[in-house]
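Take a look at the structure below.
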Amino acid sequence: MVSLFTKAINSIKSIFRDLEIKRFFAVVLVGFLVLTTGLNSSIESGRNADAVSRRLDKVVHQDDADRPKTTGEWNREARQTEDAPIERAKRIAKESGEAIKQWGSVYPDTAKRSADELQDNNR
């Protein structure tokens, strides 16, 4: 019985030793990759940050809806109507109507394509 416990403890110790060695090599490898590739990507991201922001802004604002689309726009509008709860409620109702109208224009096409795909998959 004692030898069984000894064998079990020794096997657990060897597993922990192997895990520590593997973990050490994993940390070294990740550190090496971060140090060798991180510098170039941070330089590139510094140069391209404005271009990416402009492209993202164009994509976000590509439709002609009058409602805010980014968190900053929502916060700006909330600050503008901070002391006028009735005006805020009117804006929210108007923007909700625009959002539903925009969603309603996209939904039928999506539903039709999904139904067509479902029929094709059932054949």
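The values are calculated or read from the model by the stated rules, or taken from the named source; none is laboratory data. Just so it is clear, the structure is predicted and the values come from calculations on it, not from any experiment. When we count neighbours, we look across all protein chains shown, and the Cβ atoms used for this are built from the backbone with ideal geometry, even at glycine. Side chains included, ligands, DNA and RNA excluded: accessible areas come from the protein's heavy atoms. Shrake-Rupley method; radii C 1.70, N 1.55, O 1.52, S 1.80 Å.
Checking Glu73, Glu44, Glu95 one by one, the residue that is acidic (Asp, Glu), modelled with pLDDT under 75 and within 25 Å of the chain's Cα centre (by Cα) is Glu44 and no other. Quick check on Phe16: is it among the hydrophobic types (A, V, I, L, M, F, W, C) and either touching an Asp or Glu at 6+ places or on another chain (Cβ under 7 Å) or at pLDDT 75 or above (or both)? So Phe16 fails the test.
Here's the yes/no breakdown for (1) modelled with pLDDT of 85 or more; (2) of a type outside the set (Val, Ile, Thr); (3) open to solvent by less than 80 Å² (accessible area, probe 1.4 Å):
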{"residue": "Arg54", "(1), (2), (3)": "no, yes, no"}
{"residue": "Asp63", "(1), (2), (3)": "no, yes, yes"}
{"residue": "Ile86", "(1), (2), (3)": "yes, no, no"}
{"residue": "Arg91", "(1), (2), (3)": "yes, yes, yes"}
{"residue": "Trp103", "(1), (2), (3)": "no, yes, no"}
{"residue": "Tyr107", "(1), (2), (3)": "no, yes, no"}
